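Accompanying notes for the structure given below.
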Amino acid sequence: MLRRAAIFFAVPALVAVAAHADEPTGAVIEQFFDGRQIGLNTLDLTAPAEQIDTTTTLAPGIGGTLSQDNMQLITNAANVLISQTTIVEDAAQVSAGQQEAGNTLDGGELSILNGSLTQTGENLTNVIIAERVDSVMQQFGPGGMQTVENAANLGFAPGSLTQTGRNTANIVVADISIGSGAQVFPFDSVQSIDNFVRLTGMPGDTPPFDPISDIPEQFADIAPGIGQNVGSSRGTIVQEGINLGNILISDEVRDVVRIFNGEQIVMNNILVEDMHALPQSVTQSGINIANFVSAIEVSGLEQFSDGVQIVENNVMDTSLASLTAAIPSYTHVAENYVNVLHIRNPDGSTDSVSTLPVTASQTSNVPQSSEMGSGRQVQVGNAIAIDR
């Protein structure tokens with residue numbers, strides 16, 4: 001029902017961030033985070049030329065041309081336990097702090113993205129990867145916050161622009177089993193992702209022109225090649241946001257209570273101020289997942305949800321009118337999942353699995369909303385999928 005690949009996206013990054021030595025068998029772990037992690041990347045093409053990387057050709061004070069591949073990447077991690085070959089007897093993780101990842105490109109009105117720009121922000125907190133976890137308590141809050149903000153202000157973007165935000169809080173992945181415990185996501189805790197692109201085109205008082213061939217005389221000196229560099233393609237923009245809260249993945253899950261009362265928000269917005277700057281292809285995707293379990297055997301599982309899930313995907317002009325119909329290739333995806341239980345079939349098993357236990361209760365009062373012009377919309381609450 002849900003692609004497991006979407007759940008496991010964080011694991012490679014976690015191993016890179018925190019490759020811990022093996023803990024003794026029966027490890028007892030306590031982790032508490034109440035600080036603030038802030039990661040900021042800023043690229044300003046309107047700054048003087050001497051302050052800009054040599055790969056950037058500038059029209060000083062107005063904007064330049066990015067002709068090569070550029071990347072802005074931020075990863076924040078707190079309360080991470082990786083002990084893949086040992087047993088965790090008891091683990092307690094509490095994160096009441098804030099994680100912020102912000103990537104900004106300010107190109108000015110005459111800037112051009114001819115190459116590619118990737119802006120990625122990722123926040124990870126309360127994460128356990130182990131062989132077996134006998135007892136666990138994870139709490140994101142009170143006052144826990146994970147935010148990703150990716151912003152790009154350009155004149156034209158005939159190249160490739162990708163903005164990605166990922167937030168993960170309260171996740172346990174165990175090879176064998178997850179025993180008794182709790183995962184809590186309180187009311188005042190938030191996971192939010194804001195991807196924003198502004199395409200200004202030419203200054204507002206300039207007559208309409210063809211950016212593929214025409215070079216307005218008044219800008220030819222300060223922005224050389226503005227016409228020729230744009231080329232025949234009007235560019236590709238991809239905006240993605242994924243929020244994960246209260247995730248359990250193991251062969252066996254027993255006696256776990258999970259409460260999700262916070263907020264998960266994904267906002268993907270593109271503002272086009274000049275139709276000459278309209279991109280050729282746009283993909284906007286927002287996925288919120290809360291209280292998700294994937295296991296072979298489940299007993300004594302309780303899931304309660306009373307939070308909020310929101311996805312908004314918009315391409316608009318300055319009057320806030322939708323421009324989706326004017327984009328040749330346009331894809332929108334909005335998915336909200338809460339209280340989802342996936343019962344897997346043992347790989348390669350020849351035994352009958354119909355008698356393996358499944359006892360669980362689910363309660364959801366979560367308002368789920370998505371706003372978009374077209375595309376795939378999925379709202380799921382209190383769902384069980386059994387692959388047997």
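Computed from the coordinates by the stated procedures, all read-outs in this text should not be read as laboratory data. The structure presented is a predicted model; accordingly, all values stated were derived computationally and were not measured. Heads up, the Cβs are rebuilt from the backbone with ideal geometry, glycines too, and the neighbour counts pull from every protein chain shown.
By counting other Cβ atoms within 10 Å of each Cβ, how are 320, 110 ranked from fewest to most?
Final ranking by Cβ density, sparse to dense: 320, 110.
Hey, what do the phi angles of segment 261-277 turn into as Karplus ³J(HN,Hα) couplings, whole Hz, using 6.51/-1.76/1.60 and θ = phi - 60°, x for Gly and Pro?
Once rounded to whole Hz, the list reads 10, x, 10, 10, 9, 10, 10, 10, 9, 10, 10, 10, 8, 9, 4, 5, 8.
Return 134, 69 ranked ascending by Cβ neighbour count within 10 Å, so the fewest neighbours appear first.
The order, fewest Cβ neighbours first, is 69, 134.
Using a Förster distance of 35 Å, how high is the FRET efficiency between residue 188 and residue 255, based on the Cβ-Cβ distance and rounded to 0.05?
After rounding to 0.05, the efficiency reads 0.80.
Per-residue counts of other Cβ atoms within 10 Å, averaged by peptide: what ranking do you get for 302-308, 329-335, highest first?
Working: 302-308: 21.0, 329-335: 19.3.
Highest to lowest by the protection proxy: 302-308, 329-335.
What is the calculated FRET efficiency for residue 318 to residue 85, with r their C-beta to C-beta distance and R₀ = 56 Å, to the nearest 0.05?
Working from the Cβ atoms, E equals 0.50.
5 Å is the cut-off here: which amide hydrogens, built 1.01 Å from N in the peptide plane, fall below it relative to residue 323, excluding neighbours closer than 5 in sequence?
315, 316, 317
Got a sec? How would 136, 238, 272 order by Cβ neighbour count within 10 Å, fewest to most?
In increasing order of surrounding Cβ atoms, one gets 238, 272, 136.
Gain in length, residue 299 to residue 68, computed as 0.36 nm per residue apart minus the alpha-carbon separation, to one decimal in nm?
Full extension from residue 299 to residue 68 adds 77.8 nm.
Going by amide H atoms built from the backbone, whose H comes under 5 Å of the H on residue 182, apart from near neighbours?
136, 137, 138, 257
What percent does the relative contact order of segment 88-193 come to when contacts are Cα pairs within less than 8 Å and at least six residues apart? Please report the intermediate quantities before stating the final value.
On the way: 261 pairs, mean separation 41.1, N = 106.
Across segment 88-193, relative contact order equals 39 percent.
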